[in-house]
Amino acid sequence: MLATTLRALSEAVSKIDIMYHHALLHNIFTMSIWYYNRDTRDALLDLIIRLSAVADQYLRECLQMLVNNFTPPGPLVSQMEKLVSDDKRKEIYSQLHESLKMISDTVPLAPRVLKDIINRSMPKLFDNKVKMVSFVECMLGLDTERLGDLIGTSLLEKVVDLLTELDVNITWEDILQEEHSKGIFEMELEDLAGDVDKFGQETEVLFGGNVCAEKLDGLMVVVCEHLKSCAEHGCLKREFDILKTIFRKGVLKVHKSKFAQFIMFYACSLDPEICGLDFALFLTDIFTKKEDDAIARMSAVSYVGSYLSRARFISADTVVAILKRLVDWCIDHCERQKKKHTRTKNPVEHQIFYASCQAVMYVLCFRLRSIMDYPNLKSQVFKMNIRSILMDPLEPLKVCLPSIVNEFLRQAKAARLFNASVDLELEDRIDSDLSKAFGGVNRLDMFFPFDPYLLKESDRYIRPNFEFWSLVKTTYSDDEGDELGDFNAPGMNVDSLDDNFDVELNSDDDDIEYTMNKMSITPHRSFYHPMAMSGDSGLSMPARIRPSVSPPS
């Protein structure tokens, strides 16, 4: 009956008198297609398409009505999974996409108006998860063919902005709440206390446990599915290029971001040879070019170090090629400093240099053993003058994280990267007052953006291509057998591990595997901490993951 009435109205659209039925049109513009069957939905959407084309004054109302239907109406939101099947949801999205495309093809002004309406209708931080996920899923479906060419960049930018906003508003408490009770995470009390002191009781009220993380998790699934679809349809490179621009503008310098950047990681994993390599070069170019500001360059070198370490899909020859560019830049920096009449060891003045040195060591901690399997690549690494930058008067070993320095020197020694006398000299340079003063809470180069991914539902997209530290084969493990025994090997700062090494051997196999797989060597202190020069606490490579606490943006 309703479908018949709507079709009659569609036939009457061309008649001027229907334009005077404002009350009727208002009711039509507020209708939700989610309540009706396919036949009725088709009739209603046909009427909307006709109205948008006949009368310019109703174009915005018609487009707004369609955008409003990106999400189910309020009564359905809370029971979306029970009342709306996946097939019906996808069918509704398809009908909305086709209607918007037809309007766009008919009315040249439509894409510009649609872009504005979507911008105004984007979900907000505290919106319901179902509403948020539904809106973004439907919206990304527009990023195809003609509509994608017209508004695709805007759509992706809005999605990344939403991901980032959710990300920076998640405290580590919100994510660790469930896992911490299982003994998988072990954070020091001062880490948790810091969040409590900052947010007080408001943390519980605003985020309600893991609610914000769950929203981000759901959205990451939607974005990853969108990228996978792009790869299947041969348009991933176009999408990747858009994402790259958005990343540089809106994510690169957001140091509180923990997970949003993984959309780049996943996109690269879908096409390692093109996108994967492109991203590594893109980050390296930002770091090496003086046109960019210091924060962008520091972030870029931290990103490239973390990316090369964690991305299983990046080939060893690419890793070596990028490492050479980093090492060459460091050597040039040292040479420039030698030409100056006055040289200072102020870590802040040379922060980009120290960040690059740390990135080189960090990557080699993960990749040195695998590089050794390729004689030509091994030869290239041995020819890099890494020794000269580590032994430079700027003394990077006294500024970079002791945990990374210790692990790097241990692997370099086992691989015979330096001769014995150099090994001893380097080890002597690790500990100093500068390292203690600058290395505790006042460290500038401790941002590892691709630390283990901690969102449960979307983890399946990241895990297959992610390198966990517990699975890394080191240069010394061949000689010492048991990996757990490696922590007591000569040259390791065993004392620094006492408080952190705690594998529960009584746990079941799954818990042990999960514990070890989640291990990270990222520290938990921040360079910009207000207690900058007051602490002398050591940093170590923990057997359990510690969240990476990064400089504020």
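The values are calculated or read from the model by the stated rules, or taken from the named source; none is laboratory data. For clarity, every value in this text was computed on a predicted model and none was experimentally measured. Please note: Cβ atoms are built from the backbone with ideal geometry, for glycine as well, and neighbour counts cover all protein chains shown. For accessibility, only protein heavy atoms count, side chains too; no ligands or nucleic acids. Shrake-Rupley method; radii C 1.70, N 1.55, O 1.52, S 1.80 Å.
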Check your understanding: For segment 262-298, how many residues are out of contact with any Lys or Arg (no Cβ under 7 Å at 6 or more places or on another chain) and touching a residue at least 60 places away in the same chain (Cβ under 8 Å)?
Key -> 6
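Looking only at segment 52-60, decide whether some residue is over 11 Å from L96 (Cα atoms), assigned to a helix (DSSP H, G or I) and of a type in the set (G, A, S).
As a first pass, look at segment 52-60 and keep what is over 11 Å from L96 (Cα atoms): 52-60.
So of that shortlist, the ones also assigned to a helix (DSSP H, G or I) come out as 52-54, 56-60.
Subset that is of a type in the set (G, A, S): 52-53.
Scanning segment 52-60 turns up at least one residue that is over 11 Å from L96 (Cα atoms), assigned to a helix (DSSP H, G or I) and of a type in the set (G, A, S).
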Check your understanding: Of all residues in segment 285-296, how many are part of a helix (DSSP H, G or I) and surrounded by fewer than 23 Cβ atoms within 10 Å (Cβ to Cβ)?
Key -> 6
Review point. Has segment 215-222 got at least one residue that is of a type in the set (D, E, K, R), buried (at least 20 other Cβ atoms within 10 Å of the Cβ) and at pLDDT 50 or above?
Key: yes
Review point. Can you tell me which residues in segment 24-38 are open to solvent by 10 Å² or more (accessible area, probe 1.4 Å) and of a type outside the set (K, R)?
Key: L24, H26, N27, F29, T30, M31, S32, Y35, Y36, N37
Exercise for review: Report yes if some residue within segment 340-347 is within 24 Å of F279 (Cα to Cα), open to solvent by 10 Å² or more (accessible area, probe 1.4 Å) and of a type outside the set (S, T, Y); otherwise report no.
Suggested key: no
Point to revise | Long-range neighbours under 6 Å by Cβ, at least six apart or interchain, first residue closer than 13 Å to Q411 by Cα within segment 366-381, second charged (D, E, K, R) and loosely packed, with under 15 Cβ neighbours inside 10 Å | key: R369/K473
Practice item. Test I274 against the stated conditions and say whether it is β-branched (V, I, T), modelled with pLDDT of 90 or more and within 20 Å of K398 (Cβ to Cβ). Key: no
Exercise for review: Quick one: count up the residues across segment 63-79 that are surrounded by fewer than 22 Cβ atoms within 10 Å (Cβ to Cβ), modelled with pLDDT of 90 or more and touching a Lys or Arg at 6+ places or on another chain (Cβ under 6 Å).
Suggested key: 0
Exercise for review: Check segment 312-322 and report whether any residue there is open to solvent by less than 10 Å² (accessible area, probe 1.4 Å), in contact with a Ser or Thr (Cβ under 7 Å, 6 or more places away or on another chain), touching a residue at least 40 places away in the same chain (Cβ under 8 Å) and not acidic (D, E).
Suggested key: yes
Check your understanding: Of all residues in segment 246-269, which are under 25 Å from V319 (Cβ atoms) and open to solvent by 60 Å² or more (accessible area, probe 1.4 Å)?
Key -> R248, K253
Exercise for review: Would you mind stating whether R325 is surrounded by fewer than 19 Cβ atoms within 10 Å (Cβ to Cβ), touching a residue at least 12 places away in the same chain (Cβ under 8 Å), farther than 24 Å from Y453 by Cβ and of a type outside the set (V, I, T)?
Suggested key: yes
Review point. Quick check, is A267 at pLDDT below 95 and more than 26 Å from Q380 (Cβ to Cβ)?
Key: no
Revision key, fill the gap. Every listed condition ((1) surrounded by 24 or more Cβ atoms within 10 Å (Cβ to Cβ); (2) over 21 Å from Q411 (Cβ atoms)) holds for V301 save (2)
Exercise for review: Go through R60, R7, R89, R41 for me and flag whichever is open to solvent by 50 Å² or more (accessible area, probe 1.4 Å) and at pLDDT 85 or above.
Suggested key: R60
Exercise for review: Could you please tell me which pairs satisfy a Cβ distance under 9 Å, a separation of 6+ or placement on different chains, a first residue in segment 98-109 that is outside any helix (DSSP H, G or I), and a second residue that is not hydroxyl-bearing (S, T, Y)?
Suggested key: V107/A53; V107/D56; V107/L59; V107/V113; L109/D56; L109/L59
Check your understanding: What's the number of the condition K82 fails, among (1) at pLDDT below 90; (2) open to solvent by less than 70 Å² (accessible area, probe 1.4 Å)?
Key -> (2)
Check your understanding: Mind checking whether some residue in segment 309-319 is part of a loop (DSSP other than H, G, I, E, B) and among the small types (G, A, S)?
Key -> yes
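Output the helices (runs of 4 or more DSSP H) that fall wholly within segment 366-415 and possess 3 or more residues being crowded, with 19+ Cβ neighbours inside 10 Å and among the charged types (D, E, K, R), or say none.
It comes to 402-415.
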Review point. Are there any pairs, at least 6 apart or on different chains, whose C-beta atoms fall under 9 Å, with the first in segment 232-261 and touching a residue at least 24 places away in the same chain (Cβ under 8 Å) and in a helix (DSSP H, G or I) and the second surrounded by fewer than 22 Cβ atoms within 10 Å (Cβ to Cβ) and among the aromatic types (F, W, Y), and if so, which?
Key: K244/F282; F247/F282; R248/F282
